[in-house]
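**Q** Before we start, here is the structure in question, set down as structure tokens.
Rule-based calculations on the coordinates, nothing more; no lab input. If you're wondering where the values come from, they're calculated on a predicted model, not measured in any experiment. Please note: Cβ atoms are built from the backbone with ideal geometry, for glycine as well, and neighbour counts cover all protein chains shown.
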Amino acid sequence: MTIKLKNKSAFLLQILYSSILLFILTQNVYAQQSTIKSVTPKELNTIIDSISVIVKKYYIEPEIGEAIANHIHSKYQKGNYNGITNPQTLADSIQVDLRAINGDVHMSMKYRSPREINIDGKPSEQVNKTGLWTNYGLSEIKILDGNIGYLKIKHFTQHQYLNDIKPVITSAVESLKNTDALIVDVRNNGGGFEEMVAYYISYFFDTKDPIHLSDYRCSLHNHTYGVSTDPNVLGTKLPDIKLYVLVNANTGSAAESFAYMLKHLNRATVIGEVTVGAGNGASEHKINNRFSIYVSTEETINAITKTSFEKVGVIPHIKTTSAQAFPKGYRLALEYAKEKNTKEIDPSNYNHLISFISTPKSENSINQKYYSKLIGEYQGGNIHITITLENGVLFGQIRSKGGKIELTLLKDNIFKVGDINERIEFVFNKKGDVIQLIGIDSPMELTKVSSN
């Protein structure tokens, strides 16, 4: 093939440009790697000594604190940390050992990479993911079909933002005040600050006096303090709304407090998995400009149970998987709204919505052999649908339109089509083979013409 000089020159220039760019990027990578200073034996010794002093002095249970410190020191004397020169690897290794004695997940080791530290040794400016950049943790506010409210809280933001978040919470509550039930989702919420939790909970009660929620015995400052509801929250209160709280195995710390308090105040139905069990509060202690240790310095004492969820977790009223917590809660909310029915809605409307809530056979040991019977080509008139199975998920594709739509199992052989209120049903013959695909909410009757 002959290349004209102009095109050939452009081609060579492109190669040259790409090479230069690759060289620059490679040098940047090497530069970043070279800025990561290895852990020296002297620094390691300082780290171990500092941990020993801090943990023994501040851990909420002195005997356990001493055991943790002795465990770390013993590992050090045996040479377990020798040869670990990468600072992040060292931090990860020490963190495992900090939690080894009693499984306290608030015991942590933090390493700050060079990009997190300025030339002067001070922490560099980072995007604060617990503040305004994430709407203070309020990530989703919506009204579900059937007039059910849904509130997703990703974290309970820092104490410094309490006054900033108040109007945000008020606005959220105002938008949900006309709903017939409310689902609050704290799945995968790692926690935050108890004062934030108390302020949220304040909206679910209407009392003249504060409700005492919990006490915290702090070994760091040698005092005990408590949190209570605020009777004077801004805007509308929702003391009578039916409340469901969704949790999972990643719901931790202050998020657990939220679920635990509402559960033992008999104010909410908790649905999902047993939570982390991180009931203690922690404080940060700086070792040097790149290492810090977080030590459990606060013991939680719930006002009702006189104990906490530390190492136990919050036990849901209704145990189910994380994935099924929302369908369970939504179904219960609709059933409650149907039963109460203050708006005199025809019950058939609730029944119709409930019929679209999936109850996957994952809870009934669904297997791929069942799905494999469904895949294939279905045709009737001008409609041609292909059913495929990808990574355990069933899809339907109309040939003329080309887009794949996820099919969600509702019950038996009935599936929901995408996010629309349409259902389809696979019809089996006596031999257990699929012969038809029919529409439940729209007229459709297709015959299976082939299997993939």
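**Q** Identify, among Gly403, Ile438, Ser175, the residue whose Cα sits farthest towards the positive end of the charge dipole of the chain, taking +1 on the Cβ of Lys and Arg and -1 on the Cβ of Asp and Glu, with the dipole about the Cα centre.
**A** Looking along the dipole axis, the top candidate is Gly403.
**Q** Something else about it: If you average the sequence gap of Cα pairs under 8 Å that are 6 or more apart and divide by the length of the range 240-310, what percent do you get for the contact order? Please list the in-between numbers first.
**A** Details: 106 pairs, mean separation 21.1, N = 71.
Taking the mean separation of contacting Cα pairs over the length of the range 240-310, I get 30 percent.
**Q** Of Thr386, Ile84, Tyr336, which is farthest on the positive side of the dipole of the chain, counting Cα position, with +1 on Lys and Arg Cβ, -1 on Asp and Glu Cβ, and the Cα centre as origin?
**A** The Cα lying farthest towards the positive end belongs to Thr386.
**Q** Expressed in nm², what is the orientationally averaged projection area of the convex hull enclosing the Cα positions of the range 250-334? It would help to have the intermediate numbers written out before the result.
**A** Values: hull surface 27.5 nm².
Its Cα hull, projected and averaged over all orientations, spans 6.9 nm².
**Q** Right, here's the next one. Identify all aspartates and glutamates with a Cα-Cα distance to Lys404 below 18 Å; exclude those on the same chain that are fewer than 8 residues away in sequence.
**A** Once the sequence-local aspartates and glutamates are set aside, what remains near Lys404 is Glu377, Glu390, Asp419, Glu422, Glu425.
**Q** Given R₀ = 25 Å, FRET efficiency for Asp412-Asp346 by Cβ-Cβ distance, to 0.05?
**A** Details: r = 25 Å, r/R0 = 1.02.
In this case the efficiency is close to 0.50.
**Q** Still on this model: Report the convex hull volume per residue for the range 198-315, counting only C-alpha atoms, in Å³.
**A** 132 Å³
**Q** Given points 7 Å out from each Cα along the Cα-Cβ axis, report the Ser113 to Val449 separation in nanometres with one decimal.
**A** Label-label distance for Ser113 and Val449, simple model: 5.4 nm.
**Q** Restricting to Cα pairs below 8 Å that are 6+ residues apart, what does the relative contact order work out to for the chain? Please round to a whole percent.
**A** Across the chain, relative contact order equals 11 percent.
**Q** I've got another one for you. Determine the alpha carbon to alpha carbon distance for each of Lys154/Lys319; Lys166/Lys306; Lys142/Lys373; Lys237/Lys311; Lys154/Lys343; Lys152/Lys373 and list only those over 26 Å.
**A** Lys166/Lys306; Lys142/Lys373; Lys237/Lys311; Lys154/Lys343; Lys152/Lys373
**Q** Using the Cα centre as the reference, give the magnitude of the dipole from point charges on the C-beta atoms of the chain (Lys, Arg: +1; Asp, Glu: -1; all else neutral), rounded to the nearest 20 debye.
**A** Values: 49 positive and 45 negative charges, 308 e Å.
I would put it at about 1480 debye.
**Q** Note down the net charge around Val245, summing +1 for each Lys or Arg and -1 for each Asp or Glu among other residues with Cβ under 13 Å from its Cβ.
**A** Summing Lys and Arg as +1 and Asp and Glu as -1 gives +3.
**Q** What range in the chain is the longest one free of trypsin sites (Lys or Arg not before Pro) that are in a loop by DSSP and have at most 10 other Cβ atoms within 10 angstrom?
**A** Working: sites that count: Lys4, Lys78, Lys208, Lys306, Lys343, Lys401, Lys430, Lys431.
Looking at the chain, 79-207 is the longest stretch - no exposed trypsin sites (Lys or Arg not before Pro) with at most 10 other Cβ atoms within 10 Å.
**Q** Let me ask you something else. What are the aspartates and glutamates whose alpha-carbon lies under 13 Å from the alpha-carbon of Lys338, with same-chain residues fewer than 8 places away excluded?
**A** Asp145, Asp180, Asp346
**Q** Charges only on Cβ, +1 for Lys and Arg, -1 for Asp and Glu: so what's the dipole of the range 138-230 about the Cα centre, in debye to the nearest 20?
**A** Details: 8 positive and 12 negative charges, 39 e Å.
Dipole size: approximately 180 debye.
**Q** Taking Cα pairs under 8 Å and at least six residues apart, what relative contact order does the range 124-186 come out at, in percent?
**A** Details: 79 pairs, mean separation 22.6, N = 63.
Relative contact order here is 36 percent.
**Q** Between (1) 122; (2) 140; (3) 262, which matches volume of the Cα convex hull per residue in Å³ calculated for the structure shown?
**A** (3)
**Q** Only four residue types carry charge here, +1 at the Cβ of Lys and Arg and -1 at the Cβ of Asp and Glu. Report the dipole size of the range 184-278 about the Cα centre in Debye, rounded to the nearest 20.
**A** 140 debye
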